[in-house]
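Undergrad: Have a look at this one.
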Amino acid sequence: MKRCIAAAILSAAASILPAFAAEREVARLPRDVFDVIPPAERVQGERGAMTVYQPACRIGEAKDSRRRIVDIVVQEWAVFGFQTVDATEVETRLLPRGLVPDRMNPSLPAPRILRQFPRLGTLEDNPRLDSTIAGYWSATPEGPRILGEQNRAWNAPGGRVANWVEPWSAAFMSWVMCEAGLGDMGQFRRSSAHRVYIDQAIAARDGNAADAAFLAYDAGEQRIDPGDLLCRSRDGTDYAELADRRREFGMNGATHCDVVVKMDTRAQRVLVIGGNVFQSVSLTILPLTRDRARFPHPVDKSIIDGAVTIFAHLKLKANAIEPDALDNSPAIRALAQPH
C-alpha cells in the first residue's frame with residue numbers, strides 16, 4: 001500500500017509529500033546507506049553553550065558533486081518535515097510577493113504552504129533543531145562568532161525561545177557544499193552571505209576563478225539542471241539580471257539561492273530546495289516560461305508585475321543528471337519502502 005502511495009506522490013510536484021510521512025519521525029539515513037555526516041555532529045554543547053566541534057569539509061572534484069548536492073538537500077527537506085511552498089499561482093502565473101526567504105514582510109501576502117507538519121512547530125525555534133542549524137553554521141568562517149552571539153541571545157532574560165540571530169540560508173548552502181565535496185574555498189566560497197559565492201561564480205564566468213565549481217549566467221541563458229543554483233535578491237535589493245550584481249560586485253547586497261532538485265518542463269515548473277525559507281528547509285515550486293530566452297527559466301517581473309525574479313543561474317561544472325533527480329534521491333526512495 002505504501003509503495004502505491006509513494007508512486008502517486010512522485011508523479012506530481014504538488015503532491016510529492018508522502019501521506020504516510022506524518023505518521024513517523026523522518027530521520028537521516030544511516031551512513032552505510034547514504035554517507036553524510038549529520039550537521040549536529042559538527043557541534044557540541046547545549047543551547048546557550050554551543051560551540052563548533054568540526055569545521056572541516058570534504059574535498060573532491062566538482063564533476064562528482066551534482067548528485068550529492070541534490071541528495072543532501074532532499075534529505076534535509078525530509079528531516080525538517082517536507083515543508084513545501086507553492087509559488088506557481090496557476091491562475092495568474094504570479095509569484096506571491098510574500099515569498100521572501102530569511103525574513104517575512106507581514107504587510108505582504110504569503111504564498112500557499114502546501115504542507116507544514118505541526119510536530120515541528122515553527123521549525124527554526126524548535127530546540128530539537130538547534131544543533132542541526134548550528135551544524136550548518138560550522139561550515140562557514142563566521143560560524144564560531146555566530147554561535148557565540150546565539151549563545152548570548154539564548155542566555156539573555158527570556159532568550160530561551162530566541163530565534164537565530166542571523167539568517168541561516170547561506171550557512172545551509174555552505175554546509176551542503178561542504179558535505180557534497182566542494183570543501184575547498186577555491187571551489188565554493190562558504191559564507192554567511194550568498195553574495196560571496198555568487199560573486200565567485202561571476203568571477204569564474206569572467207575567467208578569474210578557474211577552480212570555482214559554479215559559473216554565473218542569466219536565467220534562460222543555459223539549461224537548468226538539478227544541482228544548479230537559482231538566485232534572487234531580497235530585503236530591498238533589486239537585481240533583475242546578472243549585470244545588476246556585476247555593477248555591485250564585492251559590495252553588500254541581500255540575496256538568496258536555492259538548489260534545483262527537479263525540472264518538470266512538461267508541467268512548466270522547477271522545484272528548488274533552500275534553507276531558512278519560512279524558517280525551514282523548504283521546497284518551493286516555481287513556474288517556468290521560455291519567453292524569448294534560449295532555455296526555460298522561472299517567470300520573472302518582466303513577464304508578470306510583482307513576480308520574484310531569478311537574476312542569476314549558477315551552473316555547476318559537472319555532467320547533468322536526470323531532470324527528476326528528486327524522485328530518485330535516497331531519502332525519497334527510503335519512504336517508498338514498506339515498514
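Quick note: the coordinates plus some simple rules give every number you see, no bench work behind them. As the structure is a prediction and not an experimental result, all values here were calculated from the model. Note that each Cβ is placed from the backbone with ideal geometry, even for glycine, and that neighbours are counted across all protein chains shown.
Undergrad: By the scheme Lys and Arg +1, Asp and Glu -1, what is the net charge of all other residues having a beta-carbon under 12 Å from that of Pro38?
TA: -1
Undergrad: Still on this structure, please answer the following. Count the net charge of all other residues whose Cβ sits under 9 Å from the Cβ of Ser174, scoring Lys and Arg as +1 and Asp and Glu as -1.
TA: Once positives and negatives cancel, what remains is +2.
Undergrad: Same structure, new question: HN-Hα J couplings of the stretch 201-209 from phi, Karplus 6.51/-1.76/1.60, θ = phi - 60°, integer Hz, Gly and Pro as x?
TA: Running phi through 6.51 cos²θ - 1.76 cosθ + 1.60 with θ = phi - 60° gives 5, 5, 4, 5, 4, 8, x, 10, 8 Hz.
Undergrad: If Lys and Arg each add +1 and Asp and Glu each add -1, what is the summed charge of the other residues whose beta carbon sits under 13 Å from the beta carbon of Ile321?
TA: So the environment of Ile321 carries a net charge of -1.
Undergrad: How would you rank 37-44, 67-74, highest first, on the average number of other Cβ atoms within 10 Å across their residues?
TA: Those peptides, ordered most packed to least, come out 67-74, 37-44.
Undergrad: Within the stretch 246-339, report the chymotrypsin sites (Phe, Trp or Tyr not before Pro) that DSSP leaves as loop and that have at most 13 other Cβ atoms within 10 Å.
TA: Here the sparse-neighbourhood loop sites are Phe249.
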